[in-house]
Amino acid sequence: MPEVKRLSDGIFEVIKDKKQLATKNLDPGKTVYGEKLIAVEGVEYRTWDPRRSKLGAMVLKKFNIPLTKNSKVLYLGAASGTTVSHVSDIVSEGAVYAVEFAPRSMRDLIGLASRRKNIHPILADAGKPDSYSHLVEPVDLIFQDVAQPNQAEIAARNAVRFLKREGYLLLSIKARSIDTVAKPKEVFKAEVKKLEQAFEPRFEILNAKDLMPYHEDHLGVLAKLK
Ligand SMILES: C[S@@+](CC[C@H](N)C(=O)[O-])C[C@H]1O[C@@H](n2cnc3c(N)ncnc32)[C@H](O)[C@@H]1O
């Protein structure tokens, strides 16, 4: 019989044959991307694969993920909604504003949002927050996974527009999207420095770690507005 251990608000570990990350399924009986459903004491959980999710990897790398069931989240780079669906489970009474600019992914995301009322899909370029400012309320957390050369700048533009004063930024930085030849460590150092110094608003970095062994050459960053 599997057991469940709570890691933080809405995030669990299911202990069966081996430990698995999981969230409580907001849409019982349904899977989103081929993950497993596990019932424990009448509650259904969906397993969460850290190799398919930078946020999942950050949980396992002991980032303190500042999400609660009431959190409002701006999610930049939603793709087809793999990780968005887990955020939707976690912020069960909050909201996820999911921005994605690829129409094919947006179709999947709209399908997901039709079953999960806390997901608000937005077809837009995350680098142009003015184009969706009428659709998004002030948020407690911005999660960004866009794999673009100007990742830090995109984060700052959205933070100044949407992040509450005490809000958090969780960022996945992909070294190869910024510089294909430089050493990832050097790229990470420069990006963290940008977040701290280059833009208004400036960020205080609370945690920054690579996401190995789940994602190669990716840095996870947790930051707060200064
Ligand atoms: C690495 S994938 C995201 C995976 C997703 N976060 C997950 O865990 O399920 C990056 C996504 O960001 C999207 N993207 C890249 N640049 C973007 C931009 N400027 N605005 C909106 N979406 C963008 C891409 O189309 C792609 O779907």
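Pull out a ≥ b ≥ c, the square roots of the eigenvalues of the alpha-carbon gyration tensor of the range 3-49, then state rounded if a/c is under 1.5, prolate if not and a/b is larger than b/c, and oblate in the remaining case.
On the way: a/c = 1.44, a/b = 1.31, b/c = 1.10.
The shape class here is rounded.
Based on alpha-carbon centroids, what's the gap between the range 25-65 and the range 176-201 in Å, whole number please?
30
Can you give me the P(r) profile for the range 42-87? Cα pairs, bins 10 angstrom wide beginning at 0, each as a whole percent.
23, 55, 22, 1
Filter the GluC sites (Glu not before Pro) in the range 1-61 down to the DSSP loop ones having no more than 14 other Cβ atoms within 10 Å, then list what survives.
Details: sites: GLU3, GLU13, GLU35, GLU41, GLU44; in loops: GLU35, GLU41.
Qualifying residues, ordered by number: GLU41.
If we sort 112-123, 194-205 on the protection proxy, mean other Cβ atoms within 10 Å, highest first, what's the order? Before the final figure, lay out the partial values.
Details: 112-123: 18.4, 194-205: 15.3.
Averaged packing, sorted descending, gives the order 112-123, 194-205.
Can you find, among PRO138, ALA95, ILE154, the residue sitting farthest towards the positive end of the charge dipole of the range 92-154, where Lys and Arg contribute +1 and Asp and Glu -1 at Cβ?
After comparing all options, I get ALA95.
From the P(r) of the chain, could you give the percentage of C-alpha pairs in the tail past 27 Å?
Numbers: 7465 of 25425 pairs.
In whole percent, the share of Cα-Cα pairs in the chain beyond 27 Å is 29.
Where the only charges are on Cβ atoms (+1 Lys, Arg; -1 Asp, Glu), what is the dipole of the range 3-49 about its Cα centre, to the nearest 20 debye? Don't skip to the answer; put the middle values down first.
Values: 9 positive and 9 negative charges, 17 e Å.
Roughly 80 debye, rounded to the nearest 20.
Could you give the dipole magnitude of the chain about its Cα centre, charging the beta-carbon of Lys and Arg +1 and that of Asp and Glu -1, in debye to the nearest 20? Working shown, then result.
Details: 37 positive and 29 negative charges, 41 e Å.
I would put it at about 200 debye.
What length, rounded to one decimal in nm, is gained on full extension from MET1 through to THR68, with 0.36 nm per residue of separation minus their alpha-carbon distance? Don't skip to the end; give the middle numbers.
On the way: separation 67, 0.36 × 67 = 24.12 nm, distance 2.77 nm.
Length gained, MET1 through THR68: 21.3 nm.
Provide the per residue accessible area, probe 1.4 Å, for the chain, rounded to a whole number of square angstrom.
Numbers: 10890 Å² over 226 residues.
Result: 48 Å² of accessible area for each residue.
Ranked highest first by the average count of other Cβ atoms within 10 Å around their residues, in what order do 94-107, 18-31 fall?
Details: 94-107: 19.6, 18-31: 16.4.
Taking the mean over residues of other Cβ atoms within 10 Å, the ranking is 94-107, 18-31.
Run the quick spin-label model on PHE199 and ARG51: label points 7 Å from Cα toward the beta carbon, then report their separation in nm to one decimal.
3.2
Can you compute the modelled spin-label distance between LYS30 and LYS209, with each label point 7 Å from Cα toward Cβ, in nm?
Placing both labels 7 Å beyond Cα along the Cβ direction yields 3.4 nm.
How far, in nm, would the chain grow between LEU37 and LYS185 when pulled straight, counting 0.36 nm per residue and subtracting the alpha carbon separation? Write down the numbers at each step before the final one.
Details: separation 148, 0.36 × 148 = 53.28 nm, distance 3.75 nm.
49.5 nm is the gain from fully extending LEU37 to LYS185.
The values are calculated or read from the model by the stated rules, or taken from the named source; none is laboratory data. Here the structure is a predicted model, which means the values were calculated and not measured. No Cβ is skipped: glycine too gets one built from the backbone with ideal geometry, and neighbour counts run over all protein chains shown. Areas reflect the complete protein model, heavy atoms only, side chains present, ligands, DNA and RNA absent. Shrake-Rupley method; radii C 1.70, N 1.55, O 1.52, S 1.80 Å.
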